[in-house]
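Engineer: Take this structure, written in structure tokens, and hold onto it; I'll ask about it next.
The values are calculated or read from the model by the stated rules, or taken from the named source; none is laboratory data. Bear in mind the structure is a predicted one, so any value in this text is a computation, not a measurement. When we count neighbours, we look across all protein chains shown, and the Cβ atoms used for this are built from the backbone with ideal geometry, even at glycine. The protein model used for the area step is the full one, side chains on, heavy atoms only, and it has no ligands, DNA or RNA in it. Shrake-Rupley method; radii C 1.70, N 1.55, O 1.52, S 1.80 Å.
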Amino acid sequence: MTTTYRQALTDALREALDRDERVFLMGEDVGAYGGCFGVSRGLLDDYGPRRIRDTPLSESAFVGAGIGAAIAGRRPIVEIMTGNFSLLALDQILNNAATLRHMSGGQLDVPLVIRMATGAGRQLAAQHSHSLESFYAHLPGLRVLSAATVADARGMLWPALQDPDPVVIFEPIALYNSSGESRGPDTVTDIDTAEVARPGNDATVVAYGGTLHTALAAAEQLAETGVDAEVIDLRTLRPLDTATIVESVSRTHRLVTVDEGWGRVGIAAEIAAATAEHAYYDLDAPIRRVCTAEVPIPYARQLEEAALPSAGAVVVAVQEVVS
């Protein structure tokens, strides 16, 4: 069935709310307004204010409330409008959600799911457009996911809710209006394993979230020139599925990583380091990274596009490693 990324997220929320009475959604404007990006539209009418809860404009307070509810046995889903705003709740996420299991000697589970929009592409400027996945993937105690496809937008939420530890799901802003195939309600995403989105033999291109589509577009362009690129969708940024990357590089002997975050100390850097650590002798060329320019995301469309990883830049990087 073809549907939008946004509708797939809504379907996932409905399925979770139907399956488990302990599940509830809370965040700014998730009720009557239907969510900042329209994902929760209609849920208040169908599930009521006890399970679809509007919150004050205080990320730290409602994330903290979600942590408490999770410890008390509920299954809260907390929606933070954009990744930039999540930094206001970073103390709760880092010092409480991610650490309580370890600080309690395993006595406390925190089965909390935090959803947040991420990335650029809609001219929302610097304070709404950054990709901060690497901040959260740095933290032990969290699982960090990014849904790149409509199928995963629907299939990631339920397994995330089954995790006894806090899970952060990043939803690329640029994908909300995109369309694709959605799997059935009983099909869940494997959140332990990266997916080979396009098989190939000449180079491995690792991407996630919105950059998956950039990498796939580049692979199609490369195919026209005779270069057969394999594209991997990470799906899970922590814990990283290093085995799938290493297996691919052991066959292709070349690696390009694509990341909408900044290149320094980011996801792409971690992938490069892990590959050098585990597959150094399989590499026939230096690893290349294609990332966002080291600037705050600009508002002007031309500048925003220029700052982001493009299919053309990925094509050039792959051509360099296979030459």
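Engineer: Residue 51: more than 20 Å from the chain's Cα centre (by Cα), among the basic types (Lys, Arg) and either at pLDDT 95 or above or open to solvent by 30 Å² or more (accessible area, probe 1.4 Å) (or both), yes or no?
Structural biologist: Judged against the criteria, residue 51 is a match.
Residues checked against (1) touching a Pro at 6+ places or on another chain (Cβ under 9 Å); (2) not β-branched (Val, Ile, Thr):
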residue	(1), (2)
2	no, no
10	no, no
26	yes, yes
35	no, yes
75	yes, yes
78	no, no
86	no, yes
92	no, yes
99	yes, no
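Engineer: Outside any helix (DSSP H, G or I), over 19 Å from residue 318 (Cβ atoms) and either modelled with pLDDT of 95 or more or under 12 Å from the mean Cα position of the chain (by Cα) (or both): which single residue out of 184, 209 fits that description?
Structural biologist: When all the criteria are applied, what remains is 209.
Engineer: Further question on the same structure: State whether one or more residues within the range 253-266 are open to solvent by 40 Å² or more (accessible area, probe 1.4 Å), over 25 Å from residue 169 (Cβ atoms) and either in a helix (DSSP H, G or I) or in contact with a helix residue (DSSP H, G or I) (Cβ under 8 Å, 6 or more places away or on another chain) (or both).
Structural biologist: yes
Engineer: Take the range 223-247 and flag every residue that is open to solvent by 30 Å² or more (accessible area, probe 1.4 Å) and not in a helix (DSSP H, G or I).
Structural biologist: If the condition is that a residue be open to solvent by 30 Å² or more (accessible area, probe 1.4 Å) and not in a helix (DSSP H, G or I), then 224, 225, 226, 228, 238, 239, 240 are the ones that fit.
Engineer: Yes or no: residue 15 open to solvent by less than 40 Å² (accessible area, probe 1.4 Å), charged (D, E, K, R) and touching a Pro at 6+ places or on another chain (Cβ under 8 Å)?
Structural biologist: Numbers: open to solvent by less than 40 Å² (accessible area, probe 1.4 Å): yes; charged (D, E, K, R): yes; touching a Pro at 6+ places or on another chain (Cβ under 8 Å): yes.
Against the criterion (open to solvent by less than 40 Å² (accessible area, probe 1.4 Å), charged (D, E, K, R) and touching a Pro at 6+ places or on another chain (Cβ under 8 Å)), residue 15 qualifies.
Engineer: Oh, and also: Can you find even one residue in the range 212-222 that is of a type in the set (Asp, Glu), in a loop (DSSP other than H, G, I, E, B) and surrounded by fewer than 22 Cβ atoms within 10 Å (Cβ to Cβ)?
Structural biologist: There is no residue in the range 212-222 that is of a type in the set (Asp, Glu), in a loop (DSSP other than H, G, I, E, B) and surrounded by fewer than 22 Cβ atoms within 10 Å (Cβ to Cβ).
Engineer: Just to be sure I understand, how many residues within the range 34-48 are at pLDDT 95 or above, on the phi < 0 side of the Ramachandran plot and surrounded by fewer than 21 Cβ atoms within 10 Å (Cβ to Cβ)?
Structural biologist: Counting residues in the range 34-48 that are at pLDDT 95 or above, on the phi < 0 side of the Ramachandran plot and surrounded by fewer than 21 Cβ atoms within 10 Å (Cβ to Cβ) gives 6.
Engineer: Let me ask something additional. State which residue pairs qualify: first residue touching a residue at least 12 places away in the same chain (Cβ under 8 Å) and inside the range 35-47, second residue among the hydroxyl-bearing types (Ser, Thr, Tyr) and crowded, with 16+ Cβ neighbours inside 10 Å in any location, beta carbons under 6 Å apart, and separation of 6 or more residues or different chains.
Structural biologist: Pairs found: 37/176; 39/10.
Engineer: Out of 317, 307, 243, 223, I need the residue that is out of contact with any Gly (no Cβ under 6 Å at 6 or more places or on another chain) and within 19 Å of residue 194 (Cβ to Cβ). Which one?
Structural biologist: On the way: 317 fails: within 19 Å of residue 194 (Cβ to Cβ); 307 fails: within 19 Å of residue 194 (Cβ to Cβ); 223 fails: within 19 Å of residue 194 (Cβ to Cβ).
The match here is 243.
Engineer: Among the residues of the range 27-81, write down those that are of a type in the set (Gly, Ala, Ser) and assigned to a strand (DSSP E or B). Break it down into steps so the answer makes sense when it comes.
Structural biologist: So in the range 27-81, the residues of a type in the set (Gly, Ala, Ser) come out as 27, 31-32, 34-35, 38, 40, 42, 48, 58, 60-61, 64-66, 68-70, 72-73.
Selection gives 27 alone.
Engineer: While we're on this one: Of the numbered conditions (1) open to solvent by 20 Å² or more (accessible area, probe 1.4 Å); (2) within 25 Å of residue 175 (Cβ to Cβ); (3) in a helix (DSSP H, G or I); (4) not β-branched (Val, Ile, Thr), residue 281 satisfies every one except a single condition; which is it?
Structural biologist: So residue 281 meets the others, but not (2).
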